[in-house]
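Participant: Handing you this structure, nothing more for now.
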Amino acid sequence: MQTFKLSLLFIFSFTLAKAQTKISGVLKTTKGIAVANANISLKNSYDGASTDSTGRFAFTTTTTGAATLIYSALNFEKDSVQVNLDHGNLTLNLGIKEALNQLQTVSISAGSFIAGDGKKGAILSSLDIATIAGSRADIFAALQTLPGAQTSFSESGLFVRGGSASETKTYFDGMLVKSPFNATVPDQASRGRLSAFLFKGTSFSAGGYSAQYGQALSSALVLESTDLPEKTTTGISILSVGGGVDQNIRFKNSAITIGGYYYNLSPIYSLIKQQQDYVKAPESMGGNFQYKLKTSPTGMFKIYASYGRTNLSLYSANIDTPAVPKYFSNNNFNIYLNSTYKEYFGNSWKLETGIAYNKDKDAGLLTVNDYSRQDHLLEGKAIVTKSFGQLSNFKFGAETFNTGRLESLNGPARTYNDQISSGFAETDLFLTQKIVVRLGLRGEYSSYLQKYNLAPRSSLSFKTSAHAQVSFAYGRFYQNPEDEYLIIKPTDFEHADHYILKYEINTPNRNFRIEGYYKDYNRLTKIKDGNPDNSGSGYAKGFELFWRDKKSIKNADYWLSYSFLDTKRDFRDFPMMATPSFAAKHTVSVVYKHFIESLNTQFGGTYTFASGRPYVNPNNPVYLADKTQNFNSLSLNVSYLTHVLKQFSVLYLNINNVPGFNQVYGYKYSANGSNRQAIVPAAKRDFLIGILITIGDNTFVR
């Protein structure tokens with residue numbers, strides 16, 4: 001009997017082995033160069049693999065008979081080959097042709113930085129964002145090293161080309177994120193909620209962006225999430241401020257990720273003296289869930305959900321009554337849901353749909369006053385794209401979102417709700433491989449304002465050589481006034497016209513660009529005697545330089561950016577046209593990273609300079625005429641790659657403002673103007689130490 005069972009087991013195993021065919025080989029260009037990260041798959045099946053850095057691939061399949069093996073890669077023409085799976089394992093040598101859509105082809109780029117892992121003209125990858133000294137893996141802090149973005153000091157947000165923080169909007173897979181920042185502390189900027197490792201691509205547009213994005217007067221930050229992870233992994237992070245764990249579970253055609261974190265800044269604040277007197281140091285906890293399903297060879301469904309909660313309380317100096325410091329507490333919770341579906345139909349049609357929900361609530365005490373503020377946004381969106389020719393396309397779509405705020409102070413409450421509906425159409429028309437034109441039109445209607453707007457957008461790019469091009473863009477951009485004004489009463493759309501001229505040279509390892517711009521603001525919100533209206537206006541003009549080099553120094557990568565900004569505006573409670581306090585005329589960033597192989601260690605440094613910023617001195621009859629001292633900052637970090645308990649690990653240290661530069665964000669004055677108090681960072685220096693462990697892979701995976 002035992003012999004019979006063993007025979008059955010042998011026969012079954014032999015049959016199972018017989019039913020599987022291994023397909024392996026190598027993929028190269030027509031010039032014999034290995035192609036990495038290419039997709040290899042059998043048509044009408046989910047069986048396939050990606051090529052490694054040497055262009056090699058291998059996978060098994062139970063498919064039998066004649067089949068079509070499809071292979072594709074970014075910047076290469078999709079191709080296929082017929083194979084017969086009835087004759088055992090296959091070893092293939094495949095060739096692939098370069099596509100027109102590569103560095104040698106003109107692109108729409110005025111005003112934009114495309115950052116991603118493998119995208120054309122990529123400037124920053126997700127790993128770049130995580131390893132910039134001083135950024136501490138914060139997307140918004142990393143983007144401040146690029147031209148156009150101002151260094152954020154005492155207010156959360158991304159300040160771009162003279163625009164306020166509210167004029168930059170963040171999009172997650174095309175869906176608007178209403179509250180992308182963590183809980184705030186008075187006079188201190190907070191970091192973003194979203195991890196850089198959620199995304200495979202980041203498009204940072206400082207102006208002239210696509211008609212599919214609205215309600216952003218100055219800038220659009222478009223984040224594109226990753227697809228299916230390659231394998232099941234576990235990530236563990238242990239930091240000096242807390243820790244987190246996330247689990248990726250990869251199935252054949254889908255994946256689930258579950259993660260959680262807990263941060264408590266109390267221990268680190270006991271070591272690093274803070275400007276504020278904390279009663280309760282910030283304590284945060286939260287979790288997230290992701291599910292991704294490959295619905296077909298070209299279809300993808302994604303859902304992402306996150307929850308976070310933060311508590312803090314502190315005393316800050318009271319310049320009018322020093323003996324009675326000001327008390328502030330904040331209990332914040334935030335939930336975010338994002339679900340998208342994308343599918344290609346035939347060879348030329350593409351459908352993208354999504355729904356997103358965001359709710360953010362702050363509540364606490366402001367001195368002795370109870371306050372509460374709750375923001376919400378529910379959005380639905382659909383886009384259809386028709387490709388034609390080799391590179392051109394036409395897209396159209398619609399979106400609608402319900403947004404609003406509910407706030408209260410010591411009981412009495414007020415609220416507003418708005419339903420904003422919009423439609424857009426846009427075409428990228430390649431006249432030749434060297435000339436491309438983008439023409440777009442976007443229309444919006446606000447139920448709360450009871451007004452329409454119509455915004456034309458256009459871009460023209462011309463390739464001047466194999467790696468250089470000139471671009472021009474014009475566009476009109478509309479945005480609702482900020483919630484704090486809308487909750488008082490409805491007014492009208494604010495709008496700005498952007499004019500951009502850019503010259504750039506892009507090679508795989510070097511990037512250079514110079515860009516000039518002019519922005520004309522109109523119908524900005526002003527507040528007079530507590531009533532908002534749209535009588536404000538302003539302008540911003542300037543130019544920017546950017547240089548990145550990953551080739552000249554072995555194992556090194558560095559970039560330099562410079563921004564010149566001339567801007568004035570008459571908005572909010574300004575009595576006259578003036579340069580706002582968030583605008584520095586000169587901003588310089590230098591980022592350097594160097595990997596030393598013998599030490600398995602990367603060293604990094606970031607230096608930032610910003611000229612003095614205006615502040616209001618009540619003793620000076622000229623509004624916003626005084627300026628702070630220049631801002632300087634030098635941050636360093638070290639990442640040591642090793643193994644802990646046989647698992648791939650990164651030991652990480654980051655120190656901000658190493659020399660201890662005296663940094664002043666602005667000044668506050670007493671009611672009688674006789675005393676003033678500098679607005680400064682929470683600490684002169686701070687540091688972050690951590691260890692990041694990946695179980696299940698020999699690279700850093702999050």
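Participant: Among the residues of the range 291-307, write down those that are out of contact with any Lys or Arg (no Cβ under 7 Å at 6 or more places or on another chain) and crowded, with 18+ Cβ neighbours inside 10 Å.
Facilitator: TYR304, SER306
Participant: Does SER125 meet the test of being farther than 30 Å from ARG513 by Cα, touching an Asp or Glu at 6+ places or on another chain (Cβ under 9 Å) and at pLDDT below 85? Lay out the reasoning, then the answer.
Facilitator: Numbers: farther than 30 Å from ARG513 by Cα: no; touching an Asp or Glu at 6+ places or on another chain (Cβ under 9 Å): yes; at pLDDT below 85: yes.
Spelling it out, it is not the case that SER125 is farther than 30 Å from ARG513 by Cα, touching an Asp or Glu at 6+ places or on another chain (Cβ under 9 Å) and at pLDDT below 85.
Participant: Of the residues that make up the range 3-21, is at least one open to solvent by less than 50 Å² (accessible area, probe 1.4 Å), modelled with pLDDT of 85 or more, of a type outside the set (S, T, N, Q) and more than 30 Å from HIS467 (Cβ to Cβ)?
Facilitator: No, because not a single residue in the range 3-21 is open to solvent by less than 50 Å² (accessible area, probe 1.4 Å), modelled with pLDDT of 85 or more, of a type outside the set (S, T, N, Q) and more than 30 Å from HIS467 (Cβ to Cβ).
Participant: Within the range 368-386, track down each residue that is in contact with a Phe, Trp or Tyr (Cβ under 9 Å, 6 or more places away or on another chain) and in contact (Cβ under 8 Å) with a residue 40 or more places away in the chain. Let's see the steps before the verdict.
Facilitator: Step one: filter the range 368-386 for residues in contact with a Phe, Trp or Tyr (Cβ under 9 Å, 6 or more places away or on another chain), giving 368, 376-381, 383-386.
Listed by number, the residues that qualify are VAL368, HIS376, LEU377, GLU379, LYS381, ILE383.
Participant: Can you spot a residue in the range 528-537 that is open to solvent by less than 70 Å² (accessible area, probe 1.4 Å) and at pLDDT below 95?
Facilitator: Here is the first cut: in the range 528-537, the ones open to solvent by less than 70 Å² (accessible area, probe 1.4 Å) are 530, 532-537.
Next, only the ones that are at pLDDT below 95 stay: 530.
Within the range 528-537, one or more residues are open to solvent by less than 70 Å² (accessible area, probe 1.4 Å) and at pLDDT below 95.
Participant: Can you tell me how many residues within the range 676-687 are of a type in the set (S, T, N, Q) and modelled with pLDDT under 90? Don't jump to the end; show me each part of the working.
Facilitator: Of all residues in the range 676-687, those of a type in the set (S, T, N, Q) come to 677.
Adding the requirement that they be modelled with pLDDT under 90 leaves none.
Number satisfying all stated conditions: 0.
Participant: Got a number for residues in the range 54-99 being open to solvent by less than 30 Å² (accessible area, probe 1.4 Å), within 10 Å of VAL35 (Cβ to Cβ), of a type outside the set (Val, Ile, Thr) and in contact (Cβ under 8 Å) with a residue 40 or more places away in the chain?
Facilitator: The number of residues fulfilling the criteria is 3.
Participant: Looking only at the range 321-341, how many residues end up being under 19 Å from THR385 (Cβ atoms) and open to solvent by less than 60 Å² (accessible area, probe 1.4 Å)?
Facilitator: Qualifying residue count for the region: 1.
Participant: Kindly list, by first and then second residue, each pair from a residue in the range 671-688 that is more than 16 Å from ALA317 (Cα to Cα) to a residue that is open to solvent by 40 Å² or more (accessible area, probe 1.4 Å) and part of a strand (DSSP E or B), limited to pairs with Cβ atoms under 9 Å and residues at least 6 apart or on different chains.
Facilitator: Cβ pairs passing all conditions: ARG685/ILE655; ASP686/ILE655; PHE687/LEU653; PHE687/ILE655; LEU688/LEU239; LEU688/LEU653; LEU688/ILE655.
Participant: Can you tell me how many residues within the range 265-283 are of a type outside the set (Asp, Glu) and surrounded by fewer than 16 Cβ atoms within 10 Å (Cβ to Cβ)? Don't jump to the end; show me each part of the working.
Facilitator: Just the residues of the range 265-283 that are of a type outside the set (Asp, Glu), to begin with: 265-276, 278-282.
The next check asks that each one be surrounded by fewer than 16 Cβ atoms within 10 Å (Cβ to Cβ); those that pass are 266-267, 270-273, 279-280.
Here the count works out to 8.
Participant: Right, next: From the set of residues in the range 510-555 that are basic (Lys, Arg) and not in a loop (DSSP other than H, G, I, E, B), which is nearest to LEU217 (Cα to Cα)? Step through it out loud before you land on a result.
Facilitator: Initially, the range 510-555 is screened for residues basic (Lys, Arg), giving 510, 513, 519, 523, 526, 528, 541, 548, 550-551, 554.
Among the residues that remain, those that are also not in a loop (DSSP other than H, G, I, E, B) are: 510, 513, 519, 523, 526, 528, 541, 548.
On the way: ARG510: 31, ARG513: 23, LYS519: 10, ARG523: 12, LYS526: 16, LYS528: 22, LYS541: 15, ARG548: 28 Å.
Of everything passing the filter in the range 510-555, LYS519 is nearest to LEU217 (Cα to Cα).
Participant: If you go through the range 358-384, how many residues are under 23 Å from ARG442 (Cβ atoms) and surrounded by fewer than 19 Cβ atoms within 10 Å (Cβ to Cβ)? Walk me through how you get there before you give the answer.
Facilitator: Let us first name the residues in the range 358-384 that are under 23 Å from ARG442 (Cβ atoms), namely 358, 377-384.
Then drop every residue that is not surrounded by fewer than 19 Cβ atoms within 10 Å (Cβ to Cβ), which leaves 378, 380, 382, 384.
The total comes to 4.
Participant: Also, I was wondering about something else. Scan the range 25-51 and report the pairs whose first residue is over 20 Å from LEU85 (Cα atoms) and modelled with pLDDT under 80 and whose second residue is open to solvent by less than 40 Å² (accessible area, probe 1.4 Å) and part of a loop (DSSP other than H, G, I, E, B), with Cβ atoms within less than 7 Å and a gap of 6+ or a chain change.
Facilitator: ALA36/THR51; ALA36/GLY55; ASN37/THR51; ASN37/ALA73
Participant: Determine whether THR62 is within 25 Å of ASN253 (Cα to Cα) and modelled with pLDDT of 75 or more. Before you say what the answer is, go through the steps one by one.
Facilitator: Values: within 25 Å of ASN253 (Cα to Cα): yes; modelled with pLDDT of 75 or more: yes.
Taking the combined requirement at face value, the residue satisfies it.
Participant: Can you pull out the residues in the range 465-480 that are part of a strand (DSSP E or B) and either of a type in the set (Lys, Arg) or over 23 Å from LYS169 (Cα atoms) (or both)? Please lay out each step first, then the result.
Facilitator: Step one: of the range 465-480, the residues part of a strand (DSSP E or B) are 468-479.
Correct list: ALA468, GLN469, VAL470, SER471, ARG476.
Participant: Residue by residue through the range 566-617, note down the ones that are of a type in the set (A, V, I, L, M) and assigned to a loop (DSSP other than H, G, I, E, B).
Facilitator: Taking the range 566-617 and keeping what is of a type in the set (A, V, I, L, M), we get 576-578, 583-584, 588, 590-591, 596, 599, 610, 616.
Result: MET576, MET577, ALA583, ALA584, VAL616.
Participant: If you go through the range 342-357, how many residues are open to solvent by 30 Å² or more (accessible area, probe 1.4 Å) and closer than 30 Å to LEU312 by Cα?
Facilitator: 1
The values are calculated or read from the model by the stated rules, or taken from the named source; none is laboratory data. Quantities reported herein were computed from a predicted structural model and do not represent experimental measurements. Cβ sites come from the backbone with ideal geometry, for glycine too, and all protein chains shown count toward neighbours. These accessible areas exclude ligands, DNA and RNA; they are computed on the full protein's heavy atoms, side chains included. Shrake-Rupley method; radii C 1.70, N 1.55, O 1.52, S 1.80 Å.
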